[in-house]
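Some notes on the structure that comes next.
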Amino acid sequence: MGSLPPSSLDLLIPHSSSSSSSSSKPSTTAPTQSSIDETTLLNLFKSQQSHLNFFFQHLDLSQTLAFTRTLLHSSGTIFFSGVGKSGFVANKISQTLVSLGIRSGFLSPVDALHGDIGILAARDVLVLFSKSGNTEELLRLVPCAKAKGAFLISVTSVEGNALASVCDMKVHLPLERELCPFDLAPVTSTAIQMVFGDTVAIALMGARNLTKEQYAANHPAGRIGKSLIFKVRDVMKKEDELPVCKEGDMIMEQLVELTSKGCGCLLVIDDHHHLIGTFTDGDLRRTLKASGEAIFKLTVGEMCNRNPRTIGPDAMAVDAMQKMEAPPSPVQFLPVISHQNTVIGLVTLHGLVSAGL
């Protein structure tokens, strides 16, 4: 079941030489280029899908639920360990939990036996990932971890293995076979380990009622965190950075203010700093084209947009970007106003992009 097409095996098995003499002297011809066709590649993906479906269809949900509840109710740190490819998976799952605000860490079995096991405490959980369950480094770690009082859980894919027999809890991950034609390279087994671990992590996320704000607090430097943390007040221009003018000011007298602040607009305000409208460099071009020399006699108030899009300082910065991009046509900036329509800032598309949003 799930065997690979012969053509894929042919790609991996080296061809024997047709002449015994060819091995005794250097070849003067270029090596034959390997190739692969669409059908072979498609068959490999279908085989992997079949192997993953086997895992989903045979996973023991009662074991998985017990495992998930154990992690949920742990009062200590949840450590993960593994060797080789399983070690990489264990480390990644640990990092996923940490990003969700769950105390977790990766414990190298080799380093643990040379001092790092000192981090383990009696309230901690140690999850051991191994396809075979007979990994020597993990088996040597077990009695040492038990002596520290940690609760041990094996996550393996071979029934009746040594690791499962010596741990406090076991989880079996059903593995039909590896996608590798020799059933050796750990590709399907690591895939199901990753699916299992990350799915449990999301189950824990839901059970702990993690909010978007809490999640973002763990990702402050990434786009995820910025989109959930940054507010308009964090990214807006303010005070002396604002290009402001009065509605009675002549357009041509405000060219320096329009261009020097690098915002592409003027915020037209009254004596109490209330927003009257906006005048953009686009408005300047259109006015010049329509009015010609008459532009020297026009005030900003006569040509400004008196119904601009605005936003409040406590709105999310990502919402400001969405508002800029909304129909009927995108804009490059939004005046930031208070509840009393007082201008307190200006958020620009360039500023949002520069902030990493």
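Quick notes
- Taking all protein chains as shown and a probe of 1.4 angstrom, Ile229 keeps an accessible surface of around 70 Å².
- Across the stretch 201-214, computed HN-Hα scalar couplings (Karplus, 6.51 cos²θ - 1.76 cosθ + 1.60, θ = phi - 60°) run 4, 5, 4, 5, 4, x, 5, 8, 6, 5, 8, 4, 5, 5 Hz from first to last residue, x flagging Gly and Pro.
- Radius of gyration (Cα atoms) of the stretch 253-318, expressed as a multiple of 2.2 N^0.38 Å: 1.23.
- Rounded, prolate or oblate (a/c below 1.5 giving rounded, otherwise prolate when a/b exceeds b/c) for the stretch 147-209 by Cα gyration tensor: oblate
- Taking a quarter of the surface of the Cα convex hull of the stretch 93-153 gives a mean projected area of 4.2 nm².
- Computed from Cα atoms, the angle from the helix 85-99 axis to the main principal axis of the chain rounds to 40 degrees.
- Angle between the chain longest axis and helix 281-291 axis [Cα atoms, degrees, rounded to 10]: 40
- Over all other residues within a Cβ to Cβ distance under 14 Å of Gln48, the charged ones net out to -1, with Lys and Arg as +1 and Asp and Glu as -1.
- Chain lengthening between Ala207 and Arg306 when straightened (0.36 nm per residue, less Cα-Cα): 30.7 nm
- Helix 136-147 axis, angle to the chain major axis (alpha carbon atoms, nearest 10°): 80
- For a modelled paramagnetic label at Val110, 7 Å from Cα along Cα-to-Cβ, the residues of the stretch 70-89 in reach, with backbone nitrogen under 15 Å, are 82-88.
- Spin-label model, Arg123/Lys231: points 7 Å from Cα along the beta carbon direction are separated by 3.4 nm.
- Projecting label points 7 angstrom from Cα along Cα→Cβ for Leu61 and Gln340 puts them 6.0 nm apart.
- Span from the the stretch 251-273 Cα centroid across to the the stretch 278-334 one, whole angstrom: 11
- Ranked packing of 282-292, 331-341, most packed first, by mean Cβ within 10 Å: 331-341, 282-292
- Formal net charge of residues neighbouring Leu255 (Cβ-Cβ distance under 13 Å; K, R +1; D, E -1): -3
- Computed FRET value (nearest 0.05) for Lys246 with Glu293, which takes r as the C-beta separation and R₀ as 22 Å: 0.40
- Label-zone membership for the stretch 49-91, site Asp168, 7 angstrom Cα→C-beta point, backbone N under 12 Å: 70-71, 73-79
- Restraint check, Lys238/Lys323; Lys246/Lys323; Lys85/Lys148; Lys237/Lys289, Cα-Cα greater than 23 Å: Lys246/Lys323; Lys85/Lys148; Lys237/Lys289
- Cα centroid of the stretch 86-115 to Cα centroid of the stretch 131-187, whole Å: 16
- Volume of the Cα convex hull of the stretch 136-261, divided per residue and given in Å³: 261
- For the chain, the Rg and Dmax computed from alpha carbons only, in angstrom: 32.2, 97
- Shown for the stretch 55-141 is the translational diffusion coefficient from the Stokes-Einstein equation, using the Kirkwood radius over Cα pairs, a temperature of 20 °C and a viscosity of 1.002 mPa s: 157 µm²/s.
- Taking a ≥ b ≥ c as the square roots of the Cα gyration tensor eigenvalues, the stretch 306-356 comes out oblate, since a/c reaches at least 1.5 and a/b does not exceed b/c.
The values are calculated or read from the model by the stated rules, or taken from the named source; none is laboratory data. Please read these numbers as outputs of a predicted model, since none were measured by experiment. Note: ideal-geometry Cβ built from the backbone for every residue, glycine included; neighbour counts use all protein chains shown. For accessibility, only protein heavy atoms count, side chains too; no ligands or nucleic acids. Shrake-Rupley method; radii C 1.70, N 1.55, O 1.52, S 1.80 Å.
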